[in-house]
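The values are calculated or read from the model by the stated rules, or taken from the named source; none is laboratory data. Predicted, not measured: the structure shown is a model, and the values here were computed from it. Here the Cβ positions follow ideal geometry from the backbone for every residue, glycine too, while neighbour counts run over all protein chains shown. When the accessible area is computed, the model is the full protein with side chains, heavy atoms only, and any ligands, DNA or RNA have been set aside. Shrake-Rupley method; radii C 1.70, N 1.55, O 1.52, S 1.80 Å.
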Amino acid sequence: MFKDFSWSCVTAGFVAVLIGFTSSAAIIFQAAAAAGATPGQISSWIFALGIGMGMTCIGLSLYYRTPVVTAWSTPGAALLITGLAGLSMPQAVGVFMFSAALVTICGVTGLFARLMNRIPLSIAAAMLAGILVRFGMDVFVAMKLQFTLVLLMFVVYLLAKRVLPRYVIIIVLVLGTAYAATQGLLKLEGFHIALARPELVWPEFSLSSLLGVGIPLFVVTMASQNAPGVAIMRASGYQTPVSPLMTSTGLATLLLAPFGCFSICLAAITAAICMGREAHADPSKRYVASVAAGVFYLLAGVFGATVVALLAAFPPALVMAIAGLALFGTIANGLTVAMANEKQREPALITFLVTASGISLFGIGTAFWGLVAGTLAMLAFNWRRQAVPPQTAAEDTSAAASTSTSHSISR
């Protein structure tokens, strides 16, 4: 790993953790509060999640030598804000363990892997582009918040992309942070150093909570996080075995659930940052980025509130801009792969549009419905071609040829 080390990978790992924490840490606090967690227990949640994500990122990435990025389930946390209302902390832990056991079973049996392997590459790439396109547009939306800061970062990105493409995100992040500091945009008032203290809570299992919260948490985690995570991995060119990843994340959640770890799953958006060309020009060395992300996750877990306060100090416009700029290359590559196959172009377009629309049904996020829409379109178009009788198809071809000839003559 030390031979493959690069600062661009370290930066990609840091940006991934920065985006992950700043975008959804508040949801974690709300979910914990819904179960009546004390401040110490909330700190324990961050500790357990950070340790779990850090260990799985580092261990799986080093073992497979591919970028494997894990995360907490943000849709799952949003579900828990309402789902945990009225439940005690022991019952909440029981829900976490039950959902983790179901994920582990999916990994051991290989059911989820067989399902994901049937998704065409063009559909997966279109879904990837659909997920990330909002982040690309947010670069210019962020100009409404801090025009000079974001414009400076964008101009630096264009210049560095031409001169030092390997270190473009490092340069943009450093200069953007420096400018924000000179303008007083870094909010460090709440920053203080404090270690997180894990608190053990023994689980309680009740049928109503397992059925009412545990199963929905499992479904949302698999559909809104693990499915897009696998699709992004495939679209980025990595064929890492899926079943061991499910088993590992499920077991990690199961072991850390008594300390507040509600879900560890495959990352989607942050994974794309570590799998993009900006992390490293050589795809075989991008695993260092996910290892770096794992190290930052461990630090976030150990220092808990300290790291959360530090990451929250960055102005929202800077976070939006650095996320979008880091994903420009990945969005472009996703669109290229999605539209490469002419026969699959329209289903891929449908996948992209549905995913980019942000639609959410039954508590399941847009990425899943993009995959569903694209797959159904693919099946419909294939069925239509197979249903055309050979004679009719020949007549259609002949008619098309005659039309083409007449057009050529008229021209």
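Within region 118-151, take every residue that is open to solvent by 70 Å² or more (accessible area, probe 1.4 Å) and at pLDDT 85 or above and give me the one that is farthest from the chain's Cα centre (by Cα). It comes out as 148. Residue 180 meets all of the listed conditions (1) in contact (Cβ under 8 Å) with a residue 12 or more places away in the chain; (2) under 26 Å from the mean Cα position of the chain (by Cα); (3) over 26 Å from residue 4 (Cβ atoms) but one, namely (2).
In region 341-358, the residue that is nearest to residue 381 (Cα to Cα) out of those that are open to solvent by 50 Å² or more (accessible area, probe 1.4 Å) and modelled with pLDDT of 85 or more is 346.
Checking residue 55 against (1) of a type outside the set (Phe, Trp, Tyr); (2) open to solvent by 40 Å² or more (accessible area, probe 1.4 Å); (3) under 26 Å from residue 206 (Cα atoms), which single condition isn't satisfied? Failing condition for residue 55: (3). Residue 166 falls short of the stated requirement of being at pLDDT 80 or above, basic (Lys, Arg) and either part of a loop (DSSP other than H, G, I, E, B) or out of contact with any Leu (no Cβ under 7 Å at 6 or more places or on another chain) (or both). The single condition among (1) at pLDDT 85 or above; (2) open to solvent by less than 80 Å² (accessible area, probe 1.4 Å); (3) assigned to a loop (DSSP other than H, G, I, E, B) that residue 185 does not satisfy is (1).
Take residue 115 and tell me if it is over 21 Å from the mean Cα position of the chain (by Cα) and either farther than 21 Å from residue 276 by Cα or open to solvent by 20 Å² or more (accessible area, probe 1.4 Å) (or both).
No: the conditions fail for residue 115.
Taking the criterion of being farther than 30 Å from residue 44 by Cβ, at pLDDT below 80 and open to solvent by 40 Å² or more (accessible area, probe 1.4 Å), the only residue of region 281-336 that qualifies is 333.
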